[in-house]
């Protein structure tokens, strides 16, 4: 609680940040920052100094070679999130656009065309129905029988315009032909375009241009401009969230430590289920035993939106209460322990709920209250001081103090940011050392406000500006109250740095360090250290899954050494070098080898953005281990990575650790866990999800009646095909290839009598896996030579026919030979038994 | 083509950097050092104009590796830093400053002093704002080291002075250190910032030479200039100075009152409360109650026996005298909706009783007066105390029962 007797020197400026530049890749290395006199004793012979950064820290070593999955994979299938390549424009223009610094080029047309293809009924439904007689999809030439039905649809105005006005009062047949478009030709053109997609010299075909020009204004159900606006807007949103998605800020993973110090079973709270909408509260110890889970439905009635936030019905409990089904994706799970009871706050976009979990083992979590917001909530934090008290922020700029007993109190409602203008609607709020004072944050900084008089009593705690030595463009990403280490300290992360702030010394960070992470740290976790020990701060990013372990200290100094103001607290210092921990994706290389496509899928799955971070400190005599849990967006696991390790018992005397070997192998136990996890994954999500309703096509629209006509006498091939179709439909499988099933024994191929038709040679070639060469040959220039070769072959075949009866069993090899001779077009192979070539 | 070559070059350079970064973050310093040699080679062919220049990268990475590498020595570190100084003109001062810090942390004070005096005389073109700041810091640290030398000489003189022995040269040396230190320290503490260390040293110098007015002015400026950050230590130093010089109670109270307004949870508030409780003035005693209530609002003081005993003592006094019960009432009004859950829950009663008996005693007294004898905290603790046959708890129970009407008046 004491304030440090002396702080590290620093300049204090005011105003907007001066320092330019962006993310510096190595900015966190090599600096001591400042130094401070360590021993205050004036009578000591030599003064000693301590650095702000670079002092000795505890030595922690990873316990295993990579992260180890803790739970079986989330069985419900995971839909991969949007990747940049899905929505970015990839074509010839791209490089030009990049060169011109237009930023990212979004592939708008592709998205729109996907929409047209995926939802044709919605886009063209009614007009398609109206006009379908004007579209002809047959292959044969357009013939019109003179029937009133065909001429009935009056040509729509643009079509009518397309009809030459000179058209005389011709027969109905002529008119019908004029107002019907042959779609087959158009389709062919499109297919050809599709095939030449990567061709740099593709031109718009006049026919397509004509058609689109003609139909653009009226063909679409939804006006094209409007639709395009909507798609474009959504695309921009998707892109923005790809660049930086702040909805999982805070992380959807919490560890409730065991109540008794000796007990080993804490609880892990995490989202699961298909849409990450199941709240699982899992008792979990070192032995990682699992208990039964049930489902609880959470019915939420519609309530009128008369204010930003309304109270909602409680989720009722039924069955085993360790799992709750909520009606929204869980974005954040926050937890705090007050008076021996854990309070767990859960935030989804439009709902926030609070559960209480009493410390007794086996006690069931009870839902306490649910609120619904009309604007997505961006923050939910649980008070570490008072039971059942939470802070909620919404994207409309409102901050609420939520007490389970007394209800909601709106502290502030300001859509504007605090210190300068920033577009982000993200808001955050957390508790401070004073239970009645809340911190509230937006991207520009932090303020503390008294809930008893929120308008009058507030002060600035952190400002993106010269006060904290920020860079231009720096923004607050995640504030966190670090009351468990020091009751008045806060952690603030930005995309470039981490800051530790003290409420008693507002605006001036007591610690600042450039974290060098590739993405902004959205998750943070504090593991307080005991007296004389450093506090461990874990930072985690979402998209890149990075995990960083920092240590900092600011404890009471040994009272024996210093005279003067003995025993006062020292200023905050960063201890030891930062340490990177294994991410979820790191276990990929230790998983059993996979087929390439499975490996790809696995890579995608394990590389999914992280969604949360938690840690548990376990003490076992002198050994201490830190279990770090990381949750992925796929909702697998939380895998349990590493960082379990032991600090030396006396951290001050920690000698330099040995260098860890380059790539250690995982322990046998971990390997077993990997194998089990893989097995469960392939069992649970091996097959892609079946579409609920397979897409069907009316064949009548695609073929003419004549084409569909059944032949008078169905051939055996027909019969076979029908049989296979039926069989396939019964089995629910698919037909891999249409040719008849290969016979048990390869029939000796009869060399064709006389001239071989190109089809059979082609088939022969493809049988011999050399189709490509066959094709090349066919298109090659030396036709004459080939003719010669053919002639030769024919001669050979004639001869072969002569001894057919003798060499029946060799025919296959002969065909092979003949094939060879045909392939080597210029010179007949030496093996061929033919006479010397004659020209 | 050359464009492709450049692209590939850039890629491999970035990859090399990320390998270095990974190795460093996994504490594989040897590996990082090997990669760094490759990286330096790649930089020889680099003409890109990025914000972070390659020489800064090498300096930062190299320094960090040398700080942790198991076989690095101070000599190597010094030679590396000297090379780095000559590599980048822009960062010369920064590198010097960091070099000094490293020397200081390793106890090489004389080398650090030499280093500082060398860099102090460095000139190159027009100074940027940052360079100007760095130069001032260099001077300030030099002043600080001068101060330490001064205080060493002073100690020698004082020791010898006791023996009745006087050494003029030592004294002259001491005075010259004083002049050098004072000039530089005075300079830096004019600029807005956190200069706790420098201010303390400067004030010490001034006090030794009897320039109390100057010292007071410096401390006042440091505490009350609005351009400076709201640093609680500034107020603390001023208060300590005033106390050292036996200033009037009035000025002490006013100094601490300002500190109370700035940081209500400061540890000096306990002293302040004790000082105010003793006062004969009603207004000061009233302020004392306010101060101690405010201290106990903060989570950090939740289990502090001293703070609770201060509050208990004052509350008890007021209750016995039955004067100024309205003071308690006023303080309690803004707290009665959350203090019971924050301080006086059954859970904390149990825990306090188990962990700290005297804390539970003080808290039970306050709880019994503020919340009546029916309060959970009081009931639990007094019951346990009587069960354990501790005398003071029995007296406490009697006291609270006797003064129960007070509770009715406060809550009414």
- Item | Per-residue average of Cβ from other chains inside 10 Å of A:4-15 | 6
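Across the residues of B:298-309, average count of Cβ atoms on other protein chains within 10 Å? Mind dumping the intermediate values first?
Numbers: counts 11, 11, 8, 3, 5, 0, 1, 0, 0, 1, 0, 0.
Partner Cβ neighbours, averaged per residue: 3.
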- So how tilted is helix B:168-188 from the main axis of chain B? Cα-based, degrees 0 to 90, rounded to 10. 80 degrees
- Item | Estimated inter-spin distance, residue A:672 and residue A:420, nm [label 7 Å along Cα→Cβ] | 5.8 nm
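Just checking the output field for B:148-157: average partner chain Cβ neighbours within 10 Å of each residue's Cβ? Write out the running numbers ahead of the final one.
On the way: counts 4, 0, 0, 3, 5, 0, 1, 4, 0, 0.
Mean number of neighbouring Cβ atoms from other chains: 2.
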- Candidates B:270, B:328, B:20: whichever shows maximal mean-square fluctuation once chain B is modelled as a Gaussian network with Cα springs under 10 Å: B:20
- To the nearest 10 degrees, how steep is helix B:376-387 against the longest Cα principal axis of chain B, on a 0 to 90 scale? 70 degrees
- Query: How many nm is it between the label spots at residue A:236 and residue A:118, if each spot is 7 Å from the Cα in line with the beta carbon?
  - Reply: 2.1 nm
- Message: Once you place label points 7 Å from the Cα toward the Cβ at residue B:121 and residue B:251, how far apart are they in nm?
- Response: 4.4 nm
- How large, in Å, is the stretch A:383-435 by the Kirkwood hydrodynamic radius built from its alpha-carbon pairs? 12.0 Å
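Quickly rank A:433-440, B:25-32, A:188-195, A:9-16 as a protection proxy: mean count of other C-beta atoms within 10 Å, highest first. Working shown, then result.
Details: A:433-440: 23.8, B:25-32: 19.8, A:188-195: 12.1, A:9-16: 16.5.
Descending packing order for the listed peptides: A:433-440, B:25-32, A:9-16, A:188-195.
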- Message: Using just the Cα positions, wrap the stretch B:1-88 in a convex hull and report its mean projected area in square nanometres, one decimal place.
- Response: 5.9 nm²
- Item | Residue-averaged 222 nm ellipticity for chain B, from DSSP H runs of 4+ at -39500 (n - 2.57), nearest 500 | -25000 deg cm²/dmol
- Message: Can you tell me the orientation of helix B:92-105 relative to chain B, as the angle in degrees between its alpha-carbon axis and the longest Cα principal axis, to the nearest 10?
- Response: 60 degrees
- Message: What FRET efficiency comes out for residue A:2 versus residue B:71 if R0 is 51 angstrom and r is the Cβ-Cβ distance? Round to the nearest 0.05.
- Response: 0.80
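Please list the equivalent ellipsoid semi-axes of chain B, computed as the square roots of five times the alpha-carbon gyration tensor eigenvalues, in descending order and whole angstrom.
57, 33, 20
We did not get these values from a lab; they are worked out from the coordinates using the rules stated. Being a predicted model, the structure only gives us computed values, none of them experimental. Counting neighbours? That spans all protein chains shown, and the Cβs are built from the backbone with ideal geometry, glycine included.
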